Amino acid sequence: MRDEFVRDRGYQPELDGVRGVAILLVLGQHAPTRPLIDGFVGVTVFFCLSGYLITTLLVRQLHTGTIDLRAFYRRRAARLCPALLTVVAVTITVLLIGRHDLGVGQIFAPAGAAVTYTTSLFDWTDHVFATKDYFNYTWSLSVEEQFYLLWPLALLWGYRRNPRLFAALIVSFIGLTLALDLYLGLSRAVKYDQHEYFGSDTNTLPILVGALLAIVVHNRWPSRTVRYLAPCALLAVVLLPVLAYRNDTYRPSLVIVAGTGLTLVALIGVVTRPRSATGSLLASGPMRWLGERSYSIYLWNVLARVAILNVFGHTLVGDIAWIAMFVVLAEVSFRFVERPLRAKFAQQAVPSGRPMLGPVGG
């Protein structure tokens, strides 16, 4: 492949476009008229992309020395916390003023889970939608950060000793999580399973797949299969909203599996052929704009949705007003909270080019 690995270092604008696709899928489910039923597949896209980007960064550090754990966790906190704390503070204020039907504990318990990245565990223990979805969207952030609390240590312990053996170990864990998701999705007829939807274990599959791709690409191990999959990237991107449109609400683990497979194919095409039609589309200005602001959009769109539903209900006018509201909130947050405070509190120079790291929605 002519383009293979031509830009396996530095900022890749097409990956911001993948973030853009992911946030569009999430928004399709959150919109007042809800055009997408299983738009949470967008979170799976975020997870897979995150696994690829962060593992790429950490593996590069290992190949040039070691992982600076303190700097890694500091960058994560600087990247995530300012915008999240701002949204949580605003949401608490809104609830205390406007939701007199909720007790103080009903407000501060899920808020505490949100800022400590334990919402997935909070939801898993029968507290889902305790505040009518005001904080529930942070479950995905908690899954991601729980993973990255341990992942650098795993790389230090295993990858540095034997990259191929460590990659084989990842494959085995992927097999286990895949088997769990398939079992939960195929063996039971359950209307709604909190474990299946919010579980840290059920949602580990896309992160591990993205991490494995990062190791394969960095070590230049692409097999013939990878080369065959790369031209299918555009089809995979097109099929993601098709998957999100289907109503598989009762089987979210199967959506995770399918979404992971499609995202993997899309990433292979983008990473190995950045100048392809898919790469060019995802690197376009609008997609990059969405990708760069996806974290702020992810954080603010739910609060905006609740506010708009109270005024316009599930209407097309509500969709338009909701888009306008979260775009303004996200842009203000991105420019005046997320970006400046990240630079202030990271306490470390950002590598040349734009930062690769990004959480769900970011």
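A simple rule links phi to the HN-Hα coupling: the Karplus curve 6.51 cos²θ - 1.76 cosθ + 1.60 with θ = phi - 60°, which for the stretch 153-159 gives 5, 5, 5, 4, 6, x, 5 Hz, with x for Gly and Pro.
Once both axes come from the Cα atoms, what is the angle between helix 13-30 and the longest principal axis of the chain, in degrees from 0 to 90, rounded to 10? With both axes taken from Cα atoms, the answer is about 30 degrees. For the stretch 215-355, the Stokes-Einstein estimate of translational diffusion at 25 °C and a viscosity of 0.890 mPa s comes to 135 µm²/s, using the Kirkwood hydrodynamic radius over alpha-carbon pairs.
Rounded to the nearest 10 degrees, the angle from helix 163-186 to the longest Cα principal axis of the chain is 40 degrees.
A 1.4 Å probe run over the protein chains yields, for the stretch 50-157, 41 Å² of accessible area per residue, whole-number rounding.
Residue 243 sits among other residues whose Cβ lies under 14 Å from its own Cβ, and their net charge, with Lys and Arg +1 and Asp and Glu -1, is 0. Averaging the sequence gap over all C-alpha pairs within less than 8 Å and six or more residues apart, then dividing by the number of residues, gives the stretch 273-349 a relative contact order of 30 percent. Phi angles across the stretch 338-343 convert, under the Karplus curve 6.51 cos²θ - 1.76 cosθ + 1.60 with θ = phi - 60°, into 3J(HN,Hα) values of 4, 5, x, 6, 4, 5 Hz, Gly and Pro given as x. Each helix, a run of at least 4 DSSP H residues, gives -39500 (n - 2.57); summed and divided by the residues of the chain, these come to -22000 deg cm²/dmol at 222 nm.
The longest stretch of the chain left intact once loop-based chymotrypsin sites (Phe, Trp or Tyr not before Pro) with at most 15 other Cβ atoms within 10 Å are removed from consideration, loops following DSSP, is 12-128. Net charge in the neighbourhood of residue 118 (other residues with Cβ under 14 Å of its Cβ; Lys, Arg +1, Asp, Glu -1) is -3. Could you look at the chain and say what percent of its accessible area is carbon and sulfur, using a 1.4 Å probe and all protein chains? With neighbouring chains kept in place, the figure for the chain is 66 percent.
When a/c reaches 1.5 or more, the comparison of a/b and b/c decides; with that in mind, is the stretch 153-232 rounded, prolate or oblate per its Cα gyration tensor? Taking the square roots of the gyration eigenvalues as a ≥ b ≥ c, the stretch 153-232 is oblate.
The values are calculated or read from the model by the stated rules, or taken from the named source; none is laboratory data. From a predicted model like this one, the values you see are computed outputs, not experimental measurements. With ideal geometry, Cβ positions are generated from the backbone for all residues, glycine too; neighbour counts draw on all protein chains shown. Note: accessible area is taken over every heavy atom of the protein model, side chains too, but ligands, DNA and RNA are not part of it. Shrake-Rupley method; radii C 1.70, N 1.55, O 1.52, S 1.80 Å.
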